[in-house]
Amino acid sequence: CDRVFPCQSCVKRGCAEICPDGSLISGKGSRFILANTEQLHEKIVSMSDRIRQLEEALEASHLNSGAPPHPLLSPEQLTVKSSIELYSTVYGNPASPSPPITSPRHTSVGLTRPATALSASTAAQDREDIDPGGAEVSAYLVQLSAYFPLSWSPAARVSGIRQRLRGMLPVREDAQGLCDQVVRHALWQHNPDPSESFIPELIQHVFTAPLHALSPPRLATFFMVLAIGCAVDLRQGPQLADAEHYHHLARVAMGDEDSVQGETSTDSVMAMFFMMWYLLVFHDRKESASVAWGIMGVAARVSQSVYRDGLRWKFLPEQIERRRALFWELVSFDARLSLALGRPPAFPLHYVDTRRPSFPGTTYPMLFFEWNHHFMTLCLQPVIDLVLGAHTPKYSAVTSLDCTIRDVCIPPFLRLPAIDDPGAPAGLILQRAHVSIGRDILLCQLHRTFYMQALDSPEDFIPQHPYIASITSTVYSVCQMIESLDAVYRKEPALAGRFTYFWSNTLEGAVQLCLLLSRFPSCPFVQFTLPHLETCVSLFKTAGTLCPKAEESFVCTFQFFARPWK
């Protein structure tokens, strides 16, 4: 402060009126308000509420009479009562809206829903020819998506948002096609609801339920299914722009009526699970994993409030199995995410009383999930407890757990040597690769601390190195990962290229090999690892068109290490 009032510091902050004796106090929906404007602030809030009531009454009267929307209900007019544009959000200043997102498979950004998307009765009830100058509405929806996981309703309630969201669904035939792609090409990895009726019931609900009965979490889940469908649609290249569009719409839907925090339900958990899956596997931004981690924190708290084993509450058997399947997929996903980011898990298993789901039948998708949950409990969680603790683990505990992981029995139909079986479904082929690569990733994570300590040691490599077990395990695990990726890519190149999980982890392992060869160029592992590195180079170069993220990572990272060894 320069002690000249109003001082320059207050002038720069726009609060010269209160200098030097005034104060700032918290306001509703904003960061601060001036103390001498508190009454004005309260008046604005009360007037905004009154405007909202009048808008809802005007909309109701026009809907009942079948008249077109009143000009005063245009998006520009609806935002007059909101002070959201005065304050910054996660995506920046709403006064400078994000670029508009057009609706995929629509010829314009207008939000009129195709007539075939709804039944006649629902279409008559929800009929509204909305022509909002779509760019503004699209930008506004992006702003609303920034509120997730909080509700946008108290701060920016917009009449008809739920109807506008429904209007941005594709026609039912296109939606069904995307859902079929998800069933064939994505649910092999995660299947939070193994019942055959999950997708059909979801489609039926979002397209035919009356607007007032439309569940926001289920609508959000459906948008996320469409987003993943765009990412794995083998009928065309990855439609990442369309996928991100549906992702934003799902976030907006989750902000309707406090559906995350005010209404804890399995539908909310399901929607957030699909969001995390999309962000971690199909999203192409570097901060995706951190965003998924934040959503996991919310999903964990919500699921812990609604999940005790269903037998306690006398649910129907089908409901019990659905709840168990979703919960254990969430626990498994959390464990993988926790290990990848080096952060503690949200689900300590000694607090869990929900039994693992019992998958009926002997079909390959269900048996894979049963084995995956068993492996997560027996191996993945102990590794997390050991390597993510506050203290360095004992080396004897690391080698003992290594033996436990290698001794876990893999069913014959999930073993990698059977990956070239003629006629094997694509999902089964990727499940086999997932089992093999997932186990090798876990072994690399288990030995990472001592492997890096071996590389940092000033001594030259000797076969009697104290951490030779970690070096050997890491080398063979990474080479096996490269072989697994090569096998699955030769069998299913288009589908393998859509799952960055395979490529990012294999590249990380290859970098570990390059570090070893750079540190110990004369070690006995050189002749064994060089052919595998050459295979890895060839894979990433070939897969560039199908997996752009793999090519980008390869160019930035791997060539730097691999060049001296060619």
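Scanning region 185-236 for residues that are at pLDDT 90 or above, among the polar types (S, T, N, Q) and under 19 Å from Ala426 (Cβ atoms) yields a single hit, Gln189.
Answer yes if at least one residue in region 186-196 is open to solvent by less than 10 Å² (accessible area, probe 1.4 Å), without any contact (Cβ under 8 Å) to a residue 60 or more places away in the chain and of a type in the set (A, V, I, L, M), and no otherwise. The answer is yes, given that some residue of region 186-196 is open to solvent by less than 10 Å² (accessible area, probe 1.4 Å), without any contact (Cβ under 8 Å) to a residue 60 or more places away in the chain and of a type in the set (A, V, I, L, M). For Phe413, are the conditions met, namely being of a type in the set (Phe, Trp, Tyr) and within 29 Å of Met272 (Cβ to Cβ)? No, not satisfied.
Table: residues versus (1) open to solvent by 10 Å² or more (accessible area, probe 1.4 Å); (2) over 18 Å from Leu380 (Cβ atoms).
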| position | (1), (2) |
| --- | --- |
| Ile429 | no, yes |
| Arg448 | yes, no |
| Gln453 | yes, yes |
| Asp460 | yes, yes |
| Gln480 | yes, no |
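One residue stands out among those in region 297-323 that are among the β-branched types (Val, Ile, Thr) and at pLDDT 70 or above: the one that is farthest from Leu150 (Cα to Cα), which is Ile320.
When you look at Arg3, is it over 28 Å from Pro149 (Cβ atoms), assigned to a loop (DSSP other than H, G, I, E, B) and modelled with pLDDT of 75 or more, yes or no? I'd like the intermediate steps shown before the answer.
Working: over 28 Å from Pro149 (Cβ atoms): yes; assigned to a loop (DSSP other than H, G, I, E, B): yes; modelled with pLDDT of 75 or more: yes.
Against the criterion (over 28 Å from Pro149 (Cβ atoms), assigned to a loop (DSSP other than H, G, I, E, B) and modelled with pLDDT of 75 or more), Arg3 qualifies.
Among the residues making up region 373-396, a single one is surrounded by fewer than 13 Cβ atoms within 10 Å (Cβ to Cβ) and part of a helix (DSSP H, G or I): Ser396. Apart from one condition, Ala253 fits all of (1) open to solvent by less than 10 Å² (accessible area, probe 1.4 Å); (2) under 15 Å from Phe148 (Cβ atoms); (3) under 14 Å from the mean Cα position of the chain (by Cα); the exception is (3).
Inside region 428-467, can you point out the residues that are β-branched (Val, Ile, Thr) and touching a residue at least 12 places away in the same chain (Cβ under 8 Å)? Within region 428-467, Ile429, Val435, Ile437, Ile441, Thr449 meet the criteria.
Just checking, which of Gln204, Gln181, Gln236 is assigned to a helix (DSSP H, G or I) and without any contact (Cβ under 8 Å) to a residue 24 or more places away in the chain? Step by step, each of Gln204, Gln181, Gln236 is checked, and only Gln204 is assigned to a helix (DSSP H, G or I) and without any contact (Cβ under 8 Å) to a residue 24 or more places away in the chain. What residue, of Asp440, Asp402, is under 31 Å from the mean Cα position of the chain (by Cα), in a helix (DSSP H, G or I) and buried (at least 21 other Cβ atoms within 10 Å of the Cβ)? None of the others qualify; the one that does is Asp440.
The values are calculated or read from the model by the stated rules, or taken from the named source; none is laboratory data. Quantities reported herein were computed from a predicted structural model and do not represent experimental measurements. Cβ: placed from backbone, ideal geometry, glycine included. Neighbour counts: every protein chain shown. To get the accessible areas, we keep the full protein, side chains included, count just its heavy atoms, and leave off ligands, DNA and RNA. Shrake-Rupley method; radii C 1.70, N 1.55, O 1.52, S 1.80 Å.
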